[in-house]
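Chemist: First, the structure itself, so that you have it in front of you.
The values are calculated or read from the model by the stated rules, or taken from the named source; none is laboratory data. Model, not experiment: these values are computed from the prediction. All Cβ positions, even for glycine, are placed from backbone atoms using ideal geometry, and neighbour counts span all protein chains on display.
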Amino acid sequence: MSPHINLTQFIVKQQRTNPQSTGDLSGLINDIASACKEISHLVNRSGIMGIGGVAESENVQGEVQKELDIITNDVMVNHLNWTGHLAAMASEEIEEIIQIPKQFPKGKYLITFDPLDGSSNIDINLSVGTIFSILRCPDGVTEPTEATFKQKGIEQVCAGFCVYGPTTMLIITTGNGVDGFTLDQDVGEFILTHPKMTIPEDTNEFAINMSNQRFWEESVQRYINECMQGVDGGRDKNFNMRWVASMVAEVYRVLTRGGIFLYPIDNKPLTEGGKLRLMYEASPMSFIVEQAGGISSTGRERIMEITPEGVHQRVPVILGSKNEVERIISYHQD
Ligand code: AHG
Ligand code: MN
Ligand code: MN
């Protein structure tokens with residue numbers, strides 16, 4: 001046997017700890033991993049294949065779609081819709097709930113996904129990713145609607161993301177810590193390389209899009225100003241800043257060396273409520289961050305406890321190292 005643990009072995013081991021397990025979740029995670037391998041390959045070859053450009057369409061949020069947004073959405077749907085683990089799907093790129101075609105069996109889970117996060121980074125060759133969240137389809141529901149999906153983040157069975165960077169990595173939680181797998185491109189397997197990832201409680205690194213500064217509310221202005229002032233402004237340390245504009249890359253960094261990531265509410269009319277989408281960006285990332293010992297909040301409430309109003313709802317996001325997120329929450333209370 002190989003000295004490495006691959007993703008399949010890892011999930012089968014986890015499955016064996018639960019005697020009631022049917023293997024459905026393991027099967028679904030394997031399907032997602034297969035889709036991510038194909039997306040990794042497509043992202044890697046997008047320039048050569050001539051698919052790295054802008055599509056002539058907009059998504060439900062009115063954002064211009066990239067060709068790869070549409071292609072990767074199809075890859076996810078085509079890997080997930082026929083294996084019998086899902087009752088329905090929801091994607092950033094499709095306004096309506098995606099139903100399972102009649103000829104295929106339906107399963108007991110629901111999935112929401114952002115097939116390509118950070119897609120504005122494709123043409124500049126920076127990291128992009130795929131984010132997903134798995135929920136249970138309630139017993140007796142055979143035709144899931146948007147209402148079936150409106151479950152709080154605490155109901156998630158599993159959440160994860162794959163980042164297509166210098167290496168392709170899959171980060172996953174089923175509520176038992178966070179584990180990171182690196183894609184061995186030669187063998188085509190995800191290998192467990194980062195078991196039990198934890199976020200340091202303290203950090204001196206923040207990530208925010210500073211160009212929105214004048215639109216933020218007072219509490220965020222205060223926090224970022226203090227970070228910028230560092231030891232000259234009353235903090236006991238100086239801060240460093242990063243902004244990749246791919247949430248997958250930012251959260252991966254936070255998981256690896258700590259940090260705080262903010263996409264706060266701002267008063268620009270188009271993004272009232274924040275920019276990031278609750279059900280396929282904020283909620284799965286919150287599950288992962290909390291499982292790694294961090295905190296994820298809107299500033300006012302725990303993201304995992306928000307009852308969704310709709311599948312494409314946006315929320316403010318403040319997540320990362322515990323002590324810094326707690327500080328910002330306290331500024332919101334002030
Ligand atoms: P997507 O490409 O799926 O629309 O998501 C992009 C998101 C997120 O990944 C990132 O943190 C943020 O948008 C970047 O926003 P700005 O362009 O405002 O910096
Ligand atoms: Mn996204
Ligand atoms: Mn996207």
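Chemist: Is it fair to say Gly180 is under 25 Å from Ile39 (Cβ atoms), surrounded by 20 or more Cβ atoms within 10 Å (Cβ to Cβ), within 16 Å of ligand 3 (Cβ to nearest atom) and modelled with pLDDT of 95 or more? Even if it seems obvious, please write down each step before you answer.
Modeler: Values: under 25 Å from Ile39 (Cβ atoms): yes; surrounded by 20 or more Cβ atoms within 10 Å (Cβ to Cβ): yes; within 16 Å of ligand 3 (Cβ to nearest atom): no; modelled with pLDDT of 95 or more: yes.
Considered against the rule, which asks whether it is under 25 Å from Ile39 (Cβ atoms), surrounded by 20 or more Cβ atoms within 10 Å (Cβ to Cβ), within 16 Å of ligand 3 (Cβ to nearest atom) and modelled with pLDDT of 95 or more, Gly180 comes out as no.
Chemist: Would you confirm whether any residue within the stretch 260-271 is touching a residue at least 12 places away in the same chain (Cβ under 8 Å), closer than 28 Å to Gly165 by Cβ and surrounded by fewer than 22 Cβ atoms within 10 Å (Cβ to Cβ)?
Modeler: yes
Chemist: Filtering the stretch 62-94 down to residues that are touching an Asp or Glu at 6+ places or on another chain (Cβ under 8 Å) and among the polar types (S, T, N, Q), which residue is nearest to Gly273 (Cα to Cα)?
Modeler: By that ranking, first place goes to Ser91.
Chemist: Next question. Does any residue of the stretch 102-113 turn out to be within 14 Å of ligand 2 (Cβ to nearest atom) and modelled with pLDDT of 95 or more?
Modeler: In the first step, residues of the stretch 102-113 are kept if they are within 14 Å of ligand 2 (Cβ to nearest atom); the result is 112-113.
Those left that are additionally modelled with pLDDT of 95 or more: 112-113.
Within the stretch 102-113, one or more residues are within 14 Å of ligand 2 (Cβ to nearest atom) and modelled with pLDDT of 95 or more.
Chemist: List the number of the failed condition for Tyr109; all other conditions in (1) within 16 Å of ligand 1 (Cβ to nearest atom); (2) surrounded by fewer than 22 Cβ atoms within 10 Å (Cβ to Cβ); (3) touching a residue at least 60 places away in the same chain (Cβ under 8 Å) hold.
Modeler: So Tyr109 meets the others, but not (1).
Chemist: Could you please find all residues in the stretch 88-125 being of a type in the set (A, V, I, L, M, F, W, C) and either within 11 Å of ligand 3 (Cβ to nearest atom) or under 18 Å from Pro284 (Cβ atoms) (or both)? Full working, then the answer.
Modeler: At the first step, the residues of the stretch 88-125 found to be of a type in the set (A, V, I, L, M, F, W, C) are 88-90, 94, 97-98, 100, 104, 110-111, 113, 116, 122, 124.
Matches in the stretch 88-125: Ala88, Met89, Ala90, Ile94, Ile97, Ile98, Leu110, Ile111, Phe113, Leu116, Ile122.
Chemist: Considering only residues that are assigned to a loop (DSSP other than H, G, I, E, B), out of contact with any helix residue (DSSP H, G or I) (no Cβ under 6 Å at 6 or more places or on another chain) and away from ligand 1 (no atom under 12 Å from the Cβ), which ones fall in the stretch 260-293?
Modeler: Step one: of the stretch 260-293, the residues assigned to a loop (DSSP other than H, G, I, E, B) are 264-265, 267-268, 272-275, 292-293.
Then drop every residue that is not out of contact with any helix residue (DSSP H, G or I) (no Cβ under 6 Å at 6 or more places or on another chain), which leaves 265, 272-275, 293.
Hits for the stretch 260-293 are Ile265, Glu272, Gly273, Gly293.
Chemist: While we're here: Given the conditions (1) more than 19 Å from Asp31 (Cα to Cα); (2) within 16 Å of ligand 2 (Cβ to nearest atom); (3) modelled with pLDDT of 95 or more, and given that Glu155 satisfies all but one, which numbered condition is not satisfied?
Modeler: All conditions pass for Glu155, except number (2).
Chemist: One residue is enough: does the stretch 308-320 have a residue meeting the conditions more than 16 Å from ligand 3 (Cβ to nearest atom) and either of a type in the set (D, E, K, R) or without any contact (Cβ under 8 Å) to a residue 24 or more places away in the chain (or both)?
Modeler: yes
Chemist: Go through Lys196, Lys275 for me and flag whichever is within 16 Å of ligand 2 (Cβ to nearest atom) and without any contact (Cβ under 8 Å) to a residue 40 or more places away in the chain.
Modeler: Working: Lys196 fails: within 16 Å of ligand 2 (Cβ to nearest atom).
Unique residue meeting the criteria: Lys275.
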